[in-house]
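Student: Sharing a structure below in structure tokens format, with a few things to ask.
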Amino acid sequence: MHVGIIGAGIGGLATASGLAANGHRVTVLERVERTSPVGSGLSLFGNAVTALDALGLGDAVRAISGGSVATLRAGQRRPDGRWIATIPPDALPHLRVVHRAELHEVLLGSLPRGTLRVGTEVTGITEVDAGVTLATPAGELGGFDLVVAADGIRSRTRASWPGDPGVRYSGYSTWRGVTREPVDLHGEAGETWGNGLRFGLAPLADGRVYWFGVATLPEGTVFDDELGELRRRFEGWHDPIAALIDATEPDAIARHDIHDLAGPVPTFVRGRVALLGDAAHAMTPDLGQGGGQALEDAATLVQLLGPATTAGTALDPTKIDPAHIDAALARYNTLRRARTQPIARRARMLGRLAQTRGAVRTRIRDLVIGATPASVLRRQLADLQDWTPPHA
Ligand SMILES: Cc1cc2nc3c(=O)[nH]c(=O)nc-3n(C[C@H](O)[C@H](O)[C@H](O)COP(=O)(O)OP(=O)(O)OC[C@H]3O[C@@H](n4cnc5c(N)ncnc54)[C@H](O)[C@@H]3O)c2cc1C
């Protein structure tokens, strides 16, 4: 089977890796020349690690993430450093934090040579009897048995489908950075919640720290002095927040407005085209699950399609029975919508809570969070992390 994948983000590369390992022919088309993201980290919760294991990538990712960060004291703090709530250490046994660029290197390194074509934008998709054809500025590429559209939150593929909910602004914007050198966190990580402001930090394998600062802002806000604004907003917050900002190259700090999909996508599959990752279910980053869900999508699709020899004919073992592909896509659609859409809703609700504004409301929020029993937190985290790929 020949699979065309649009987009070389986490979702597209992980899918390509798993399908290629199963003997399928895969072509990934990426519009930009540079595929490696710069300067930020990514949390991988237990479910993301399970998906990576299913794709045969778990050990390689464990090697770049060092140990689990579950040994750290984590949870939510007040800007003065007092803890509002801590997460029971046994609730996050597999959580890891990686540098995004290093994760990309692992994913790219797992692909057979010649799989990825950079600088190739897909401008159209046509389904014909002989398979799916992709249009690019350089001409048409045809003969795909299946196309996976992993083309991100602003997916051109999804936008062309009926019922596309479109993208909405969350109300907040995020600065992100990785320190240039290790910074001692004294065994503490997690988030600090203020009044319409939030700061998060987590150590990478080599002791450098991935951090983010979130501010409630009108969409499209531009500051003349971004670094000055960041410093000013988190001035007086507990250690080592100011030190982390100082320990980061100013030009390695970027700010992005946060968006998600304005509602659920009615279907992830049309004919022989499947949406995957942010294209299907972009969510706000408040649960640290967007990338994890893209990895789950990839592991699910790879598992359901099975190895190249499944239902292959004696004449051409690389060609899978069409009914098998259709059945796999139908199950992918059912399983992945049911799993991802409630998580996207939860992420948005948590983001609203974390970005609460006003002294009284903030105080009430902190009291409620602080009073949440450990058993409830454990159950909520287990819902997210207890996931296994389906049987084919
Ligand atoms: C601030 C922030 C923090 C986050 N933190 C976490 C976290 O801690 N843990 C976690 O799991 N997730 C996190 N996420 C979410 C995570 O980054 C995304 O869910 C994930 O990167 C989505 O991957 P993707 O492959 O679906 O899409 P993308 O990474 O967006 O990749 C899509 C690719 O498709 C390419 N493309 C688009 N259109 C075309 C076209 N027409 N032709 C060819 N190529 C095309 C793009 O250039 C891009 O390379 C965070 C997100 C944000 C914004």
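The values are calculated or read from the model by the stated rules, or taken from the named source; none is laboratory data. Model, not experiment: these values are computed from the prediction. Cβ coordinates were reconstructed from backbone atoms using ideal geometry, including for glycine residues, and neighbour counts include every protein chain displayed. What goes into the accessible areas is simple: the full protein's heavy atoms, side chains included, and nothing from ligands, DNA or RNA. Shrake-Rupley method; radii C 1.70, N 1.55, O 1.52, S 1.80 Å.
Student: Looking at (1) at pLDDT below 95; (2) within 14 Å of the ligand (Cβ to nearest atom), can you tell me which one Phe45 breaks?
Tutor: (1)
Student: Does Gly39 count as farther than 16 Å from Gln385 by Cβ, in contact with a strand residue (DSSP E or B) (Cβ under 9 Å, 6 or more places away or on another chain) and either away from the ligand (no atom under 13 Å from the Cβ) or free of Cβ contacts under 8 Å to residues at least 40 places away in the same chain (or both)?
Tutor: no
Student: I'd like the full set of residues that are within 11 Å of Gly7 (Cα to Cα) and among the acidic types (Asp, Glu), limited to the range 135-164.
Tutor: Selection gives Asp151 alone.
Student: Return the residues of the range 111-135 that are in contact (Cβ under 8 Å) with a residue 40 or more places away in the chain and away from the ligand (no atom under 15 Å from the Cβ); say none if nothing qualifies.
Tutor: Scanning the range 111-135 gives Pro112, Glu127, Gly131.
Student: Restricting attention to the range 146-158, and to residues there that are of a type outside the set (S, T, N, Q) and open to solvent by less than 20 Å² (accessible area, probe 1.4 Å), which single residue is nearest to Pro322 (Cα to Cα)?
Tutor: Among them, the one singled out is Leu146.
Student: Out of the range 55-70, which residues are open to solvent by 40 Å² or more (accessible area, probe 1.4 Å) and either at positive phi or in contact with a helix residue (DSSP H, G or I) (Cβ under 7 Å, 6 or more places away or on another chain) (or both)?
Tutor: Gly56, Ala60
Student: Still on this structure, I have one more. Does the range 245-252 contain at least one residue that is near the ligand (Cβ under 9 Å from one of its atoms) and in contact (Cβ under 8 Å) with a residue 60 or more places away in the chain?
Tutor: Checked the range 245-252: no residue is near the ligand (Cβ under 9 Å from one of its atoms) and in contact (Cβ under 8 Å) with a residue 60 or more places away in the chain.
Student: Taking the range 119-145 as the search range and keeping residues that are in a loop (DSSP other than H, G, I, E, B) and not hydrophobic (A, V, I, L, M, F, W, C), which one is most open to solvent (accessible area, probe 1.4 Å)?
Tutor: Among those residues, the one meeting the criterion is Asp129.
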